[in-house]
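Data block below; observations after.
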There are 2 protein chains.
Amino acid sequence: MSPPLRVPYPDLERFAEACLVEAGAPHAHARTTAAHLARTDVFGVHSHGLKNLGGYLDKARRGGLDLAASPTAVVDGPAYALLDAHNGLGMVAGDTGVRTAVAKARQTGVAVVVVRGSTHFGAAGLYALTAAEAGMVGIVASNVDANMTAPGARGKVLGNNPLAYAVPAGRYPPVMLDIALSQVASLKVVKARDAGTPVPEGWIVDGEGRPTTDPSRYPDEGVMLPMSSHKGYGLAVLVDVLTGILAAGPTSDQIPSWLFEPDVPNGVAHVFLVVDPAVFGGAPPVGQRVADYLDRLHAAPLAQGAEEILHPGQLEWRRHDDALAHGVELPDDVAASLAEAGRRAGVRAPWA
Amino acid sequence: MSPPLRVPYPDLERFAEACLVEAGAPHAHARTTAAHLARTDVFGVHSHGLKNLGGYLDKARRGGLDLAASPTAVVDGPAYALLDAHNGLGMVAGDTGVRTAVAKARQTGVAVVVVRGSTHFGAAGLYALTAAEAGMVGIVASNVDANMTAPGARGKVLGNNPLAYAVPAGRYPPVMLDIALSQVASLKVVKARDAGTPVPEGWIVDGEGRPTTDPSRYPDEGVMLPMSSHKGYGLAVLVDVLTGILAAGPTSDQIPSWLFEPDVPNGVAHVFLVVDPAVFGGAPPVGQRVADYLDRLHAAPLAQGAEEILHPGQLEWRRHDDALAHGVELPDDVAASLAEAGRRAGVRAPWA
């Protein structure tokens, strides 16, 4: 096996931007989307980054996505807003949503912005990061198409609706968490299946809804379980309420796959909840309080065999720093997907 | 074994109120606290209800809790507030916190209220329910003393900080979820230990921080794991940020046990986040949208052997209705704890 491809971050961003522009996206939308996707790979979250660029462009070609659409306000209050993304790029919807919430929270201390009529917006955590980089606590969630079961059910019942947050952390880069509300990502089950190994209890049920450790028929039969069963189920319901219900739009059980149904709008909704920690006052500054807290977590006694205790997002920031210093590592599937996207858009990848 | 004691709800509430008044609590605080604790048992959450009354009263006697304290505002904005509970009853702090947030959200659409200097406030979900009963989406969390480990650590590192929400649901009573961010409650590990049975992987680590299925030395050695490992860990950190950090007070790693250190103030902080769904508009009314969504969840195909799919809180509402119709079932440990609390306060339990 040859070592994985490493590409300078600016090359990746420029390439993705060019593909989007060639496909008809306005320059501003192309820049926003390319930056979000490339930065996702910089953090090592390859499943949600540039790998999906070709899928978004394909969806636009087939009519399920409008590359030129910009979000508009349906409801606009001092501390809240409902935006309609008009089936545009999810990254534009996400970026607009969080920036709207940050601007409002700067005036009101707390703001909640819901964006409806959107498309898969990639990594939720990066929108939360935008809030944290503005000095705010950001909490971000989205509904997605049904891909996990509920306790007592079989088959796909609701989405494993991603939930993310980021918090300014003073001398550390922001604390970040970006999780799906299934016990594990589907990809982990697929990897176990391909390796022929059983999965732990609590990951999946079989086609009859029975607990199983056998992934061999996944995903044709069997489906992901919520994180800690009723806990993840309950949190996924909350995300559906804060997105589809508040938007008076579809909930996760009603949403088509953005990828496998490219002809139709995805119709997901996102929520951006932003709190300005400064309004509560107190000393020392909130970033220093968070950093001191992280230091206390790091200083806890280590488990046997463990080398360190990480705080949420610390691993991703290490990957980030490594990628900026030595190039972004592109797994084979991402490189292949990008090559195909470039071929269809008529843009040559500089690393090819 | 005799069937468990069943006591009419009003008797329970009056008894608890009388104990609190005899111990020196103002009538209003006694009523608020008694109603919260009794209602918790009505919902079947006996670990967080009247069982703890004696502990609160003991803490007051020993100086760690001021029964007469009322929360005051430290910071008071249109959409946010920071209150100080002055080491008073947690139920008074919780009730004041959520009502403050509801009143603000009615004006501003969204509000966040943090209460510091508080004491164990019982079941977080009932404060969220207060918001839902006012037509709002309520999200409530609290830090608690460190009782679970972090990935890579051994021993207690941070709290399994409870997180709860409630949502109006039209023709259904409100949707509710109230979870701790450990994989399971400590009580479940203790029950397995007492029964001599192993626990599933992912529940606890041993004294060296290694994964184990053997609960025999718990809790002297070994400690709870976060829900889904890094996911529950990350969410517990978020709760610490939204409570102790925003309040510029202690985080969970710095908080003493309210129960085992009765002489000192507990110092927990709570957060109440309330959103008025009506500000986003849309039709049909939000309660009907939620109820229709629940109906869709209920209608999913059943797992083999399952009889129904429940939505979050549905089981608790069944217990609630049964308790109001037939009396509140008091497990032996709750009955014994109440008898002792009554004896010390000089109040006779009407069922004794």
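Would you be able to say whether some residue in region B:226-240 is open to solvent by less than 30 Å² (accessible area, probe 1.4 Å), at pLDDT 95 or above and in contact with a Gly (Cβ under 6 Å, 6 or more places away or on another chain)?
Looking for residues that are open to solvent by less than 30 Å² (accessible area, probe 1.4 Å), at pLDDT 95 or above and in contact with a Gly (Cβ under 6 Å, 6 or more places away or on another chain), one finds at least one in region B:226-240, hence yes.
Kindly list, by first and then second residue, each pair from a residue in region B:98-125 that is more than 10 Å from chain A (Cβ to nearest Cβ) and closer than 23 Å to B:VAL45 by Cβ to a residue that is of a type in the set (S, T, N, Q) and assigned to a strand (DSSP E or B), limited to pairs with Cβ atoms under 7 Å and residues at least 6 apart or on different chains.
Taking only residues 6 or more apart or on different chains, the pairs are B:PHE121/B:SER142; B:ALA124/B:SER142.
Just to check your reading of the model, which residue among B:SER252, B:SER257 is more than 10 Å from chain A (Cβ to nearest Cβ) and under 17 Å from the mean Cα position of the chain (by Cα)?
Exactly one residue qualifies, and that residue is B:SER257.
Just the residues that are touching a residue at least 40 places away in the same chain (Cβ under 8 Å) and within 9 Å of chain B (Cβ to nearest Cβ), please, taken from region A:211-236.
The answer is A:MET227, A:SER228, A:HIS230, A:GLY232, A:TYR233, A:LEU235.
What single numbered condition from (1) out of contact with any helix residue (DSSP H, G or I) (no Cβ under 7 Å at 6 or more places or on another chain); (2) in contact (Cβ under 8 Å) with a residue 24 or more places away in the chain; (3) within 30 Å of A:LEU163 (Cα to Cα); (4) not hydrophobic (A, V, I, L, M, F, W, C) fails to hold for B:ARG193?
Of (1) out of contact with any helix residue (DSSP H, G or I) (no Cβ under 7 Å at 6 or more places or on another chain); (2) in contact (Cβ under 8 Å) with a residue 24 or more places away in the chain; (3) within 30 Å of A:LEU163 (Cα to Cα); (4) not hydrophobic (A, V, I, L, M, F, W, C), only one is false for B:ARG193: (3).
So B:THR251 clears everything in (1) farther than 24 Å from B:TYR172 by Cβ; (2) surrounded by fewer than 21 Cβ atoms within 10 Å (Cβ to Cβ) except one condition, right? Which one?
Among (1) farther than 24 Å from B:TYR172 by Cβ; (2) surrounded by fewer than 21 Cβ atoms within 10 Å (Cβ to Cβ), B:THR251 violates only (2).
Out of region B:150-161, which residues are buried (at least 24 other Cβ atoms within 10 Å of the Cβ) and either under 14 Å from B:HIS120 (Cβ atoms) or touching a residue at least 60 places away in the same chain (Cβ under 8 Å) (or both)?
B:ALA150, B:VAL157, B:LEU158, B:GLY159, B:ASN160, B:ASN161
Taking B:GLY342 as meeting all but one of (1) over 22 Å from the mean Cα position of the chain (by Cα); (2) within 20 Å of B:VAL7 (Cα to Cα); (3) open to solvent by 60 Å² or more (accessible area, probe 1.4 Å), write down the number of the exception.
(3)
Of the residues B:GLY202, B:GLY209, which is open to solvent by less than 20 Å² (accessible area, probe 1.4 Å) and at positive phi?
Details: B:GLY202 fails: open to solvent by less than 20 Å² (accessible area, probe 1.4 Å).
Result: B:GLY209 is the single residue among B:GLY202, B:GLY209 that is open to solvent by less than 20 Å² (accessible area, probe 1.4 Å) and at positive phi.
Could you list all residues from region B:303-322 that are loosely packed, with under 15 Cβ neighbours inside 10 Å and either within 7 Å of chain A (Cβ to nearest Cβ) or part of a helix (DSSP H, G or I) (or both)? Let's see the steps before the verdict.
Going residue by residue through region B:303-322, those that are loosely packed, with under 15 Cβ neighbours inside 10 Å are B:304-305, B:307-308, B:315, B:318, B:321.
Passing the criteria: B:GLN304, B:GLU308, B:LEU315, B:ARG318, B:ASP321.
Could you tell me which of the residues A:HIS27, A:HIS46 is under 18 Å from the mean Cα position of the chain (by Cα), within 30 Å of A:GLU329 (Cβ to Cβ) and surrounded by fewer than 24 Cβ atoms within 10 Å (Cβ to Cβ)? Walk me through it before giving the result.
On the way: A:HIS27 fails: under 18 Å from the mean Cα position of the chain (by Cα).
Every option except A:HIS46 fails the conditions.
Please report, ordered by residue number, the strands (runs of 3 or more DSSP E) entirely within region B:1-97 with at least 2 residues that are within 14 Å of chain A (Cβ to nearest Cβ).
The strands (runs of 3 or more DSSP E) meeting that bar are B:72-76, B:80-84.
Would you point out which residue out of A:ASN147, A:ASN143 is buried (at least 24 other Cβ atoms within 10 Å of the Cβ), under 23 Å from A:MET224 (Cβ atoms) and under 17 Å from the mean Cα position of the chain (by Cα)?
A:ASN143
Is it true that some residue in region A:275-291 is open to solvent by 50 Å² or more (accessible area, probe 1.4 Å), in the same structural domain as A:ALA169 (by TED's automatic domain parsing) and hydrophobic (A, V, I, L, M, F, W, C)? Walk me through how you get there before you give the answer.
We begin by selecting, within region A:275-291, every residue open to solvent by 50 Å² or more (accessible area, probe 1.4 Å); these are A:278, A:282-283, A:285, A:288.
Those left that are additionally in the same structural domain as A:ALA169 (by TED's automatic domain parsing): A:278, A:282-283, A:285, A:288.
If we keep only those that are hydrophobic (A, V, I, L, M, F, W, C) as well, we get A:278, A:283.
Yes, the conditions are met somewhere in region A:275-291.
Can you name the residue in region B:126-145 that is within 13 Å of chain A (Cβ to nearest Cβ) and among the β-branched types (Val, Ile, Thr) and, of all such residues, is nearest to B:THR243 (Cα to Cα)?
If we take residues in region B:126-145 being within 13 Å of chain A (Cβ to nearest Cβ) and among the β-branched types (Val, Ile, Thr), then B:VAL140 is nearest to B:THR243 (Cα to Cα).
I'd like the full set of residues that are crowded, with 22+ Cβ neighbours inside 10 Å and without any contact (Cβ under 8 Å) to a residue 60 or more places away in the chain, limited to region A:68-83.
Residues satisfying the conditions are A:PRO71, A:ALA79, A:TYR80, A:ALA81, A:LEU83.
Answer yes if at least one residue in region B:262-277 is in a helix (DSSP H, G or I), touching a residue at least 60 places away in the same chain (Cβ under 8 Å) and at the interface with another protein chain (Cβ under 10 Å from one of its Cβ atoms), and no otherwise.
Initial filter on region B:262-277 (in a helix (DSSP H, G or I)): B:277.
From what is left, the residues that are touching a residue at least 60 places away in the same chain (Cβ under 8 Å) are B:277.
Then keep just the ones that are at the interface with another protein chain (Cβ under 10 Å from one of its Cβ atoms); that gives B:277.
Yes, region B:262-277 contains a residue that is in a helix (DSSP H, G or I), touching a residue at least 60 places away in the same chain (Cβ under 8 Å) and at the interface with another protein chain (Cβ under 10 Å from one of its Cβ atoms).
Kindly list the number of the only condition in (1) within 11 Å of chain B (Cβ to nearest Cβ); (2) in a helix (DSSP H, G or I) that fails for A:LEU187.
Failed condition: (1).
The values are calculated or read from the model by the stated rules, or taken from the named source; none is laboratory data. Since the model is a prediction, treat every value here as computed from it, not as a measurement. Cβ coordinates were reconstructed from backbone atoms using ideal geometry, including for glycine residues, and neighbour counts include every protein chain displayed. Remember, those area values only see protein heavy atoms, side chains included, never the ligands or the DNA or RNA. Shrake-Rupley method; radii C 1.70, N 1.55, O 1.52, S 1.80 Å.
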